[in-house]
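Visitor: Sending over a structure as C-alpha cells; questions will come in a sec.
Derivation of every value follows stated rules applied to the coordinates shown; laboratory data play no part. Note that this is a predicted model, so its numbers are computed, not measured. When we count neighbours, we look across all protein chains shown, and the Cβ atoms used for this are built from the backbone with ideal geometry, even at glycine.
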Amino acid sequence: MMDETRFRAFYQQMYPRLWSYVNRMVSDRAQCDDHVQESFLRFLRAAPSKLADAECRSYLYRIATNIVKDAWRVRQTEKAWLDEQSGEEPRAESEGAIGTGIDIARALELLTPGQRSLVWLAYVEGYEHEEIAEIVGVKAASVRVLLMRARKRLAGFLSEDLRGTQHD
Amino acid sequence: MIDQCCEYESAVVRAARAGAWDKSLESHAQTCPVCAEAIRVHAAMFSLVTSEQIPPIPDPKLVWLKGQFAERQRRSMRAMRISGVAYSAPAVALLLALFWTIKQGRPLPSIAMKTSIGLPVPSVSPEVLISVVAVTIIILFLFAPSRRRSTSPRV
C-alpha cells in the first residue's frame with residue numbers, strides 16, 4: 001500500500017483531473033463525487049506500492065473507468081426493467097433533440113460513455129493508444145478505430161453546432 | 001467528417017497540447033483532414049476543461065483511513081483463513097486415517113486398545129466410528145475461528 005504522504009500528494013494532483021473525467025462520463029455531480037471517492041479508495045486497496053507516478057495515473061483511470069462502466073450497466077438494466085414494467089417503449093438516446101446552439105459539453109453527452117472515455121483520455125489527457133487500451137480494457141488496434149468513430153461523431157455534432165450558430 | 005485514421009494523429013494532438021510544433025508535423029497537420037479534425041476536437045475539449053468549475057478538493061484523510069481499515073480487514077481475514085485451515089487439518093487427517101482403516105478391514109480402536117493395555121476390547125463397527133468422527137468434524141467446523149464474527153479487525 002502507498003504511504004500517506006505520497007497518497008496525499010497524488011490525491012491533490014489527481015482529484016481535479018479525475019473529477020473532470022468522471023463528471024463527463026456520468027453527468028451527475030453527486031454520482032460523480034461518489035465514483036471519484038470510490039476510485040481513490042479502490043486504488044489504495046489494490047494498487048501496488050512500487051508503481052511509478054505515470055502508472056499510478058493509468059491505474060486510477062482504469063479503476064474509475066470500470067466503476068463508471070459498471071454503474072452505467074446497472075442503470076441501463078434498471079431503466080430497461082422500469083420501461084418493461086410501465087409498458088413503455090425503451091427510450092432512445094436524445095440524439096434527435098440536438099440541433100442548433102449545441103456546445104461541446106452537450107455534444108459530449110450525446111456520445112456513449114465508452115466514446116466519452118476514449119475522447120477524454122486521448123484529447124484531454126493525451127494518452128497514447130496503447131495506454132488507452134490498457135485503461136479501457138480493449139486492444140490497441142481497436143482503440144484506433146473506436147477513437148476514430150468517437151472523434152468523427154463528436155466532430156459531426158460540433159459541425160452541426162457551427163452550422164446552427166451561423167444560421168442564428 | 002473524415003472516415004479514416006492517420007498515423008500522425010497522436011503526435012499532432014501531443015504537439016497541440018504542448019504547443020510545441022515540429023515543422024514537418026505542422027505542415028502535415030495543415031494538409032491532413034484527419035489531423036485537422038483531431039486538432040479541432042482537441043481544441044473544443046480543451047476549452048471545455050478550462051471553463052469547467054471543479055469543486056474544492058475534499059480532505060484525503062477519510063479516504064486514507066478507509067483504505068487503512070480495508071487493509072486491516074483484509075489482513076485479518078487472511079489470518080483467519082490460515083488458522084481455519086490449521087484448525088481443520090487434524091479433523092481431515094483423522095477422517096483419512098479412518099477411511100484407510102476401514103479399507104484395510106480392521107477396526108482401529110480395538111487394535112489400539114489391545115496393544116496399549118493388553119486387554120481385549122469389543123471392536124467398534126465402522127458405522128459407529130464414522131458417526132463419531134462426523135460429529136467431531138461438525139463440532140470442529142462450527143467452532144472454527146474463521147466462522148467467528150468480529151466487529152473490528154484484530155490484526
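Visitor: Per residue of chain A, what 222 nm ellipticity follows from adding -39500 (n - 2.57) for every DSSP H run with n ≥ 4, rounded to the nearest 500?
Guide: For chain A, the value works out to -26000 deg cm²/dmol.
Visitor: What lysines does B:Lys61 reach when the alpha-carbon gap must be under 24 Å and sequence neighbours fewer than 8 apart in one chain are set aside?
Guide: A:Lys50
Visitor: Could the peptides A:1-14, A:53-66 be put in order, highest first, of the mean number of other beta-carbon atoms found within 10 Å of their residues?
Guide: Answer by packing, highest mean first, reads A:53-66, A:1-14.
Visitor: To continue, here is another question. Can you tell me the FRET efficiency between B:Asp22 and A:Glu55 if r is taken as the Cβ-Cβ distance and R0 is 25 Å, rounded to the nearest 0.05?
Guide: Numbers: r = 28 Å, r/R0 = 1.10.
Taking R0 as 25 Å, the efficiency between B:Asp22 and A:Glu55 is 0.35.
Visitor: What is the packing order of peptides A:113-122, A:72-81, taking the mean over residues of other C-beta atoms within 10 Å and listing the highest first?
Guide: Per-residue mean Cβ counts within 10 Å order the peptides as A:113-122, A:72-81.
Visitor: With each label point set 7 Å from Cα along the Cα-Cβ vector, what nm distance links B:Val85 and B:Val132?
Guide: A separation of 3.1 nm, rounded to one decimal place.
Visitor: Another question, if that's okay. Take peptide B:34-46, look around each residue's Cβ out to 10 angstrom, count Cβ atoms belonging to other protein chains, and average those counts.
Guide: The mean count of partner-chain Cβ atoms within 10 Å per residue comes to 5.
Visitor: Excluding residues fewer than 8 places away in the same chain, name every one of the lysines whose C-alpha is closer than 23 Å to that of A:Lys152.
Guide: A:Lys69, A:Lys139
Visitor: How many partner chain Cβ atoms sit within 10 Å of a residue's Cβ in peptide A:16-23, on average, as a whole number?
Guide: Details: counts 6, 2, 0, 5, 4, 1, 0, 4.
Per residue, the number of nearby Cβ atoms from other chains is 3 on average.
Visitor: Any lysines with Cα under 22 Å of the B:Lys23 Cα? List them, leaving off those in the same chain fewer than 8 positions away.
Guide: Correct list for B:Lys23: empty, as no lysines qualify.
Visitor: Any idea how far apart B:Ile57 and A:Gln13 come out in nm if each label point goes 7 Å out from Cα toward Cβ?
Guide: In this crude label model, B:Ile57 to A:Gln13 measures out at 1.0 nm.
Visitor: What FRET efficiency, computed as 1/(1 + (r/R0)^6) with R0 = 45 Å and r the Cβ-Cβ distance, is obtained for A:Lys69 and B:Ile102, rounded to the nearest 0.05?
Guide: On the way: r = 55 Å, r/R0 = 1.22.
Rounded to the nearest 0.05, the efficiency is 0.25.
Visitor: From the phi of every residue in the range B:25-34, what ³J(HN,Hα) in whole Hz does the Karplus formula 6.51 cos²θ - 1.76 cosθ + 1.60 yield, where θ is phi - 60° and glycine or proline is x?
Guide: For the range B:25-34, the Karplus-derived couplings read 5, 5, 5, 5, 4, 6, 9, 8, x, 5 Hz, x marking Gly and Pro.
Visitor: Assuming R0 = 41 Å, what is the FRET efficiency of A:Leu82 and A:Met1, from their Cβ-Cβ distance, to the nearest 0.05?
Guide: It comes to 0.50.
Visitor: To the nearest µm²/s, what D does Stokes-Einstein give for chain A at 10 °C and 1.306 mPa s, using the Kirkwood radius over alpha carbon pairs as Rh? Kindly include the intermediate steps, with their values, before the conclusion.
Guide: On the way: Rh = 17.5 Å.
In µm²/s, the coefficient is 91.
Visitor: To the nearest whole number, what is the average tally of beta carbon atoms from other chains within 10 Å of the beta carbons of peptide B:62-74?
Guide: 4
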